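For reference, the structure discussed in these notes is given below.
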Amino acid sequence: MINTKLIKLKPDFDPALILPAAEAIRSGELVAFPTETVYGLGANAFCETAIKKVFEVKGRPQDNPLIVHLSRLGHLTEIAINIPQIAYDLLAAFAPGPITLILQKSDLIPEIVSAGLPTVAIRFPSDPIAQVLIKLAEVPIVAPSANLSGKPSPTQAWHVYQDLAGKVPYILDGGSCDYGLESTIIDLSVADPVILRPGFITALDIKDATGIDVIEYQADRSGIESDFKPKAPGQKYRHYSPRATVLILKENSDPGERLNNLLIGIEEFIRNKISDNNLRNDTTKEILVGLFLAEELSKKVNIEHFKKFLYNSTCYKVKFKLESYNDQQGAVDAAHDLFNRFREFDRIQADLIICSAEQMSGAGIAYMNRLGKAAAYEI
Ligand code: AMP
Ligand code: MG
């Protein structure tokens with residue numbers, strides 16, 4: 001067990017507070033730190049033994065490559081080769097920020113970083129703590145999300161603490177992450193640039209800002225074979241899953257029908273659980289349902305009616321924790337809060353989580369992608 005130090009950093013933090021963590025990175029130790037997307041688990045990108053620890057600590061499959069985080073353009077030409085002009089154009093428009101580029105890698109990047117691929121993923125985070133850490137460490141930093149593999153990515157320091165206390169020497173606490181979802185990943189190593197993982201920056205944003213055409217994210221391949229070498233391994237692994245079963249409440253232009261689908265979905269879940277034997281003969285157990293719904297819809301939910309209906313039809317008492325998001329600016333709010341809600345619902349030991357679907361545009365594309373990876377089915 002390692003003694004984990006949590007270093008709280010206010011917006012006007014003194015960079016000297018980060019020095020011991022930067023020193024730890026240089027000497028091959030791991031440091032968890034905030035970025036504007038999610039918290040990262042950092043290691044020196046040139047140090048193979050440090051990177052091995054990242055995989056070990058997270059329980060991350062070895063064929064899932066890591067993103068290299070940089071603080072200055074000078075480092076880019078050290079770790080990537082044959083960099084196309086479009087990479088510089090995208091960086092000029094969106095970096096520092098939540099955008100990751102896949103480029104051909106140089107020999108300086110150990111194979112373990114790229115999981116044997118000839119490419120490397122690079123990103124310039126905009127979070128000031130991340131920037132100071134990389135600058136002080138004087139090396140590029142690999143930083144996958146600072147969670148145990150398979151769990152929702154951490155968007156607050158205490159999420160990291162839950163997963164990694166005793167496993168890393170430092171957690172830098174910068175509060176809640178600005179975006180709350182991982183970066184947009186764009187593959188520039190192919191003839192037609194393509195989004196491999198959707199994020200807050202969409203193909204449309206890129207077209208608007210730069211005139212560059214990139215192919216929008218295409219939904220995951222289903223029925224993944226085990227020898228499928230992932231280009232963006234998010235395509236291969238189940239991700240972001242809370243302990244509770246997650247369901248997606250499909251869109252519906254008729255709110256009444258949508259609420260009915262919600263109620264029937266909960267009823268069916270309870271019936272399936274009963275037949276699974278998990279609940280049989282234990283009607284004293286209360287079932288806890290976490291709801292994460294668009295504000296307008298959440299206002300229409302009649303919890304007392306739901307409880308009564310479910311008790312009459314299943315004999316189980318059902319409790320609800322209702323959380324909503326503002327859906328006025330697309331799904332920005334939904335995307336920002338999703339992982340935090342997953343963690344909160346797990347903490348209160350919800351049995352079931354139901355999240356409303358959002359339209360596939362703007363932040364909605366990334367929100368539906370992460371929700372889809374966590375969910376069992378749609379109702
Ligand atoms: P994480 O930081 O845990 O969200 O994961 C980083 C993600 O970056 C991986 O799951 C991959 O999808 C992606 N990635 C990293 N390196 C590469 C690469 N060379 N080619 C394609 N995708 C990559
Ligand atoms: Mg991750």
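What the table below lists for this structure:
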item	result
Condition met for Lys53 (surrounded by fewer than 17 Cβ atoms within 10 Å (Cβ to Cβ), under 30 Å from Ala165 (Cα atoms) and modelled with pLDDT of 95 or more)	no
Strands (runs of 3 or more DSSP E) wholly inside the stretch 126-202 that include at least 1 residues being within 11 Å of ligand 1 (Cβ to nearest atom) and closer than 26 Å to Lys105 by Cβ	184-187, 194-197
Unique residue being near ligand 1 (Cβ under 10 Å from one of its atoms) and surrounded by fewer than 20 Cβ atoms within 10 Å (Cβ to Cβ) when the list is Leu73, Leu117, Leu66	Leu117
Filtered residues of the stretch 1-50 (kept if touching a Ser or Thr at 6+ places or on another chain (Cβ under 9 Å), surrounded by 20 or more Cβ atoms within 10 Å (Cβ to Cβ) and either modelled with pLDDT under 95 or more than 25 Å from Asp178 (Cα to Cα) (or both))	Ala50
Hey, Ser356 surrounded by 13 or more Cβ atoms within 10 Å (Cβ to Cβ) and in contact with a Leu (Cβ under 6 Å, 6 or more places away or on another chain) or not	yes
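For every residue, the table says whether it meets (1) touching a residue at least 40 places away in the same chain (Cβ under 8 Å); (2) under 30 Å from Asp89 (Cα atoms); (3) surrounded by fewer than 20 Cβ atoms within 10 Å (Cβ to Cβ).
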site: Ala121; (1), (2), (3): yes, yes, no
site: Asn147; (1), (2), (3): yes, no, no
site: Pro169; (1), (2), (3): yes, no, yes
site: Cys177; (1), (2), (3): yes, yes, no
site: Ile186; (1), (2), (3): yes, yes, no
site: Ile206; (1), (2), (3): yes, yes, no
site: Gly211; (1), (2), (3): no, yes, yes
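The values are calculated or read from the model by the stated rules, or taken from the named source; none is laboratory data. Fair warning: this is a prediction, and the values are worked out from it, not measured in the lab. Every residue, glycine among them, receives a Cβ derived from its backbone with ideal geometry; neighbour counts consider all protein chains shown.
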